[in-house]
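The values are calculated or read from the model by the stated rules, or taken from the named source; none is laboratory data. Owing to the predicted nature of the structure, the values given are computational and were not obtained by experimental measurement. Virtual Cβ from ideal backbone geometry, glycine too; neighbours counted across all protein chains shown. These area figures cover heavy atoms from the full protein model, side chains too; ligands, DNA and RNA do not enter into them. Shrake-Rupley method; radii C 1.70, N 1.55, O 1.52, S 1.80 Å.
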Amino acid sequence: MSDTHIAAPHKGELYELGCLLGIACCCWLIGDTLGLFLRMEAAVTAGGVSSVVFLGFLMSFAFAAASALKSVRLRHEMRRRTRAEMNAQSIARRDVLTGLPNRRMLIEAIGTATGNALPGTQHAIFLIDLDRFKPVNDVYGHAAGDAVLCTVAERLNGLLPKDGIAARLGGDEFSVLLPTHGQSTELIRLAQQIIACLSEPIVWEHAKLEVGATIGIALYPPDGSDAEALLRSADIAMYRGKREGRSTFRFFEARMDDELKARVSLEIALRSAIQSNQIRPHYQPLVSLPEHKLLGFEVLARWYHPERGVIPPDVFIPIAEDIGVITELCYSLLRQACRDAAGWPSDLGLAINISPCQFKDRLLAPRLLNILRETGFNPRHLEVEITESALTNDLDVARATLSVLQTAGVSIALDDFGTGYSSLYHLRELKFDKLKIDRSFVQSLEDNDESAKIVSAIIGLGQSLGILTTAEGIENTTNSAWLAERGCTFGQGYLFGAPVPAQAAQLLAEEAGLHPARPDTSVAA
Ligand code: C2E
Ligand code: CA
Ligand code: CA
């Protein structure tokens with residue numbers, strides 16, 4: 001279509017031609033009036049040429065000039081178009097920000113490398129995903145993010161052998177293609193160098209930006225016959241590296257593919273399980289020490305999978321967090337638990353677990369309070385259990401959320417205390433109502449002196465700060481008595497009851513209402 005556009009006589013061009021012919025006529029008129037042709041006649045020919053011949057000559061000259069002009073313009077236009085096309089092609093094959101080849105060009109390069117590969121030659125495809133890039137973008141802005149991407153591109157180019165190609169696939173994903181001899185030591189060394197080099201801080205304005213890199217490596221021919229298959233294998237290996245601790249590299253293995261498929265199908269099943277209330281609350285008794293009086297229950301999620309039976313939360317909570325459905329799950333569990341608790345003695349409390357990532361939602365507190373209002377559950381009987389990792393992202397947001405909840409009467413417990421940062425700073429900054437001593441300490445009380453000292457210290461810390469303490473994972477009376485003696489206020493563990501479904505919890509609740517517990521003198525002795 002564009003060629004027709006160049007060749008077709010344009011209105012403007014006809015106009016130009018008309019002008020040139022007009023000029024030629026004027027020249028002829030002037031020449032004729034001034035008798036110039038007669039003089040030229042004398043000078044050029046003895047026999048004489050009529051002025052009409054001169055008109056013809058000038059018109060031919062005008063035609064020739066018009067065609068020459070048009071041809072010059074045409075050539076100029078064609079050159080401009082070729083340049084624009086080359087430019088467009090280069091833009092389409094290069095990443096605009098870093099100047100590295102983009103996914104399209106990499107795919108072509110992989111196609112060429114694998115297509116021309118001599119028997120016995122191998123190629124490696126690295127898929128490099130930056131770690132902690134999102135926080136850099138979020139905290140310092142996109143200009144900082146761009147600076148990181150450009151530095152990564154430079155560093156990659158600096159590390160590659162002559163026959164290697166580095167490309168940016170998009171976002172914070174890069175790739176490298178190079179010839180290799182299987183999982184050679186050079187390949188492993190290059191992966192380690194890339195990880196080390198990309199982890200070096202990047203100075204931007206006055207800040208030091210720190211990212212890392214996780215690499216998945218696929219080899220041609222064993223891990224894929226074309227570019228798409230190879231990149232997918234490298235991606236699967238990279239994903240495995242991410243899950244196994246980041247800032248590391250993994251070679252693709254066929255079983256990873258099966259595991260990924262299983263994980264994807266679990267994700268799909270999890271989404272629909274939340275919708276259809278297949279995930280239900282179980283209730284584990286929380287008791288007072290030393291009386292062992294039932295005070296309430298911790299709500300613990302269980303997935304009733306139609307084929308796989310009951311799936312424990314350790315399996316699906318991390319997935320729910322990863323795929324962003326934990327908030328929905330938490331609200332569904334709280335709603336179910338408040339409805340279950342409506343039939344129990346009204347002084348029994350409920351404790352729910354809130355994942356760290358839920359604190360990103362500034363509406364977390366009002367949404368939880370809404371559910372309490374909707375189900376008629378008294379906020380004074382709700383406890384929210386959080387772990388310290390909830391406080392490391394944005395302490396101010398966490399503080400605001402917790403203070404809205406506490407103002408409404410909800411109490412806040414710091415869960416798994418002793419396993420995380422156990423930072424006194426957090427204890428000072430946020431007014432917790434309770435510390436839950438992690439079960440790993442409680443369960444090693446008898447055979448580990450250090451655990452006993454740590455548990456005593458946590459109970460003492462709680463007492464001096466006016467914070468109550470719950471010991472988790474109490475399985476025998478010796479531990480329960482030991483904890484009670486040291487002033488631990490509450491207990492939880494198989495000694496008092498494992499997590500049970502709603503009906504069983506109802507029986508426990510009713511029984512406790514009928515027979516309030518008495519101090520257990522036999523264990524205290
Ligand atoms: P957690 O909050 O520390 O919950 C206590 C875990 O210890 C529960 O495991 C409970 O069954 C187990 N446990 C209680 N007493 C004993 C005992 O005497 N001995 C032993 N060996 N274990 C005991 P569970 O139910 O498998 O939950 C595991 C973790 O999953 C929970 O740890 C919590 O972090 C998470 N989780 C469970 N439900 C939810 C939920 O609804 N939301 C969120 N965000 N996390 C949840
Ligand atoms: Ca908990
Ligand atoms: Ca815990």
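With both residues required to sit in the chain, DSSP beta bridges show an antiparallel share near 65%.
Tell me, in nm to one decimal, what length is gained between Glu253 and Ser464 on full extension, where the rule is 0.36 nm per residue of separation less the Cα-Cα distance?
70.6 nm
The residues of segment 407-481 expose, per residue, 46 Å² of accessible area to a 1.4 Å probe.
On segment 103-252, 52 percent of the accessible area sits on carbon and sulfur atoms, based on a 1.4 Å probe. When the scattering of the chain is computed by the Debye formula from its Cα atoms alone, each counted once and equally, what is log10 I(q)/I(0) at q = 0.06 Å⁻¹? For the chain, the Cα-only Debye profile gives -0.51.
Accessible area per residue was computed with a 1.4 Å probe on protein heavy atoms; Glu291 scores about 60 Å².
The modelled label-to-label distance between Met78 and Val53, using points 7 Å beyond Cα along the C-beta direction, is 3.7 nm. Annotation: per residue accessible area for segment 273-325 equals 42 Å², rounded to a whole number [probe 1.4 Å, protein chains only]. Subtracting the Cα-Cα distance of Glu85 and Ala457 from their residue separation scaled by 0.36 nm leaves 126.6 nm. Compared with the alpha-carbon gap, the fully stretched path from Leu21 to Val397 is longer by 127.4 nm at 0.36 nm per residue. Only helices reaching 30 angstrom along their own axis (Cα) with mean Kyte-Doolittle hydropathy no lower than -0.5 count here, and for the DSSP H runs of the chain these are 11-33, 51-93, 254-275. As a length-normalised measure over Cα pairs under 8 Å and 6 or more apart, the relative contact order of segment 372-436 settles at 38 percent. Across segment 158-205, the relative contact order, built from alpha-carbon pairs under 8 Å that are at least six residues apart, equals 29 percent.
By a straight-distance test (C-alpha under 30 Å), which lysines pair with Lys162 as possible cross-link partners, with residues fewer than eight away in the same chain excluded? Leaving aside lysines fewer than 8 places away in the same chain, those within reach of Lys162 are Lys242. Solvent exposure of segment 103-252 amounts to 47 Å² per residue of accessible area, where only protein heavy atoms count and the probe is 1.4 Å. With an 8 Å Cα cut-off and a minimum separation of 6 or more residues, compute the relative contact order for the chain in percent. Result for the chain is 10 percent.
Ranked by solvent-accessible area (1.4 Å probe, protein heavy atoms only, all chains present), the residues Asp416, Asp258 order from largest to smallest as Asp258, Asp416. Apolar share of the accessible surface for segment 270-511: 50 percent from carbon plus sulfur atoms, 1.4 Å probe.
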